[in-house]
Amino acid sequence: MANMRSVAITGTSTGIGWGAAKVLLANGFRVFGSVRKAADAQRLAAEFGENFVPLLFDVTDEAAVYAAAAQVRAALAGETLAGLVNNAGISVPGPLLELPIEDFRRQFDVNLIGVVMVTQAFAPLLGTDRELRGLPGRIVNISSVGGRTATPFLAPYNASKFALEGLSESLRRELLLFGIDVVVVGPGAVVTAIWDKAEQLDLSPYLKTPYGPALAKLRDYMFTLGKKGLPPERLGEVIAQALTTPNPKTRYAVTPQPVQDFLGRMLPKRMLDRLIGRQLGLLPALR
């Protein structure tokens, strides 16, 4: 494996992580990909071949994260890791006033604290350990269009992605010391298994709240949007670019609806409030 660049990616079983692994392997990388189930590790190893090395851990399990980093260090044999892609994530939906606090905490454990834990564990391999040979690596954090514009009933997810954007900016400036760059990729809808799960969401706890009808409308809209999303390989290409181009942008926005994304960021917030409120039936009836 000498002279082969290596990248670690979290959450490679499906979706963006799977697309990134596929594209990077095709570009000559060795990929260390995290999954949570042994069956997924076996499936991906068979699908991707010998240059894909599965890592079995959940990003919320500190001991497992550090054990995986030690496994990667041993495989690198004194070389640096070319990249870390923090992709693993979940989406916790529901009206904020009705949401169990443990669900909100779970959202941040996976989408934010998990990113910090993985980054701390793998940072030495990216070049903070100056004993390693090779150029410093890069970190690519997978955010979302929801890291810039928020949607009703996705407050936990939006909050975690807004936080990830700020975390990435601070981290990028801290890692100037080591020459390790941090790049954000903010995708719109991508065709992944998350949309199949979205269709099966149990909304029953919220159906008798004032939010029931609007929440059902949003679920149907998000499911339709997901079916029209970008293929995971498209995101894989952007991630490969972020890892390899000599002068990467600090943030790449990739969406199948660029006009809608632009309007979401540029329209006055009050106007957007009313547009979304009208679409979902959240505006109070005139009396």
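Here are the numbers:
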{"read-out": "Sole residue being modelled with pLDDT of 95 or more and closer than 30 Å to GLY277 by Cα, chosen from VAL115, VAL110, VAL182, VAL191", "value": "VAL110"}
{"read-out": "Where a residue in region 44-70 is closer than 19 Å to ASN111 by Cβ and part of a helix (DSSP H, G or I) and its partner, wherever it lies, is at pLDDT 95 or above and among the polar types (S, T, N, Q), with Cβ under 8 Å and at least six apart", "value": "ALA68/SER34"}
{"read-out": "Scope region 143-157; condition buried (at least 20 other Cβ atoms within 10 Å of the Cβ), within 13 Å of GLY188 (Cα to Cα) and either modelled with pLDDT of 95 or more or not β-branched (Val, Ile, Thr) (or both); matching residues", "value": "SER143, SER144, GLY146, GLY147"}
{"read-out": "Filter result (out of contact with any helix residue (DSSP H, G or I) (no Cβ under 8 Å at 6 or more places or on another chain), touching a residue at least 12 places away in the same chain (Cβ under 8 Å) and of a type outside the set (A, V, I, L, M, F, W, C)) within region 222-244", "value": "LYS228, THR244"}
{"read-out": "Hits in region 158-183 (condition: among the charged types (D, E, K, R), out of contact with any Pro (no Cβ under 9 Å at 6 or more places or on another chain) and surrounded by 20 or more Cβ atoms within 10 Å (Cβ to Cβ))", "value": "LYS161"}
{"read-out": "Residues that are part of a loop (DSSP other than H, G, I, E, B), hydrophobic (A, V, I, L, M, F, W, C) and touching a Pro at 6+ places or on another chain (Cβ under 9 Å), drawn from region 143-157", "value": "PHE153, LEU154"}
{"read-out": "Residues satisfying the stated conditions in region 39-54, i.e. surrounded by 15 or more Cβ atoms within 10 Å (Cβ to Cβ), touching a helix residue (DSSP H, G or I) at 6+ places or on another chain (Cβ under 9 Å) and closer than 14 Å to TRP18 by Cβ", "value": "LEU44, PHE48, PHE52, PRO54"}
{"read-out": "From ARG105, ARG138, residue being surrounded by fewer than 20 Cβ atoms within 10 Å (Cβ to Cβ), basic (Lys, Arg) and at pLDDT 95 or above", "value": "ARG105"}
{"read-out": "Qualifying residue in region 7-29 (condition: at negative phi, out of contact with any helix residue (DSSP H, G or I) (no Cβ under 8 Å at 6 or more places or on another chain) and either of a type in the set (Val, Ile, Thr) or free of Cβ contacts under 8 Å to residues at least 40 places away in the same chain (or both))", "value": "yes"}
{"read-out": "Every residue from region 38-87 that is closer than 22 Å to GLY114 by Cβ, out of contact with any strand residue (DSSP E or B) (no Cβ under 7 Å at 6 or more places or on another chain) and not charged (D, E, K, R)", "value": "ALA39, VAL59, THR60, ALA63, ALA64, VAL65, TYR66, ALA67, ALA69, ALA70"}
{"read-out": "Residues (touching a helix residue (DSSP H, G or I) at 6+ places or on another chain (Cβ under 6 Å) and either under 25 Å from THR209 (Cβ atoms) or part of a loop (DSSP other than H, G, I, E, B) (or both)) located in region 97-142", "value": "GLU98, PHE104, GLN107, PHE108, ASN111, PRO136, GLY137"}
{"read-out": "Wholly enclosed helices (runs of 4 or more DSSP H) of region 202-287 bearing at least 2 residues at pLDDT 85 or above", "value": "212-227, 232-244, 269-280"}
{"read-out": "Any hit, region 91-98, residues being under 18 Å from GLY236 (Cα atoms), of a type in the set (S, T, N, Q) and surrounded by 15 or more Cβ atoms within 10 Å (Cβ to Cβ)", "value": "no"}
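Matching residues to (1) modelled with pLDDT of 95 or more; (2) outside any loop (DSSP other than H, G, I, E, B); (3) of a type in the set (A, V, I, L, M, F, W, C):
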site	(1), (2), (3)
VAL72	yes, yes, yes
LEU84	yes, yes, yes
ALA88	yes, no, yes
VAL92	no, no, yes
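The values are calculated or read from the model by the stated rules, or taken from the named source; none is laboratory data. Everything quoted here is computed from the prediction, not taken from an experiment. Neighbour counts are summed over all protein chains in view; Cβ atoms, including those assigned to glycine, are modelled from backbone coordinates with ideal geometry.
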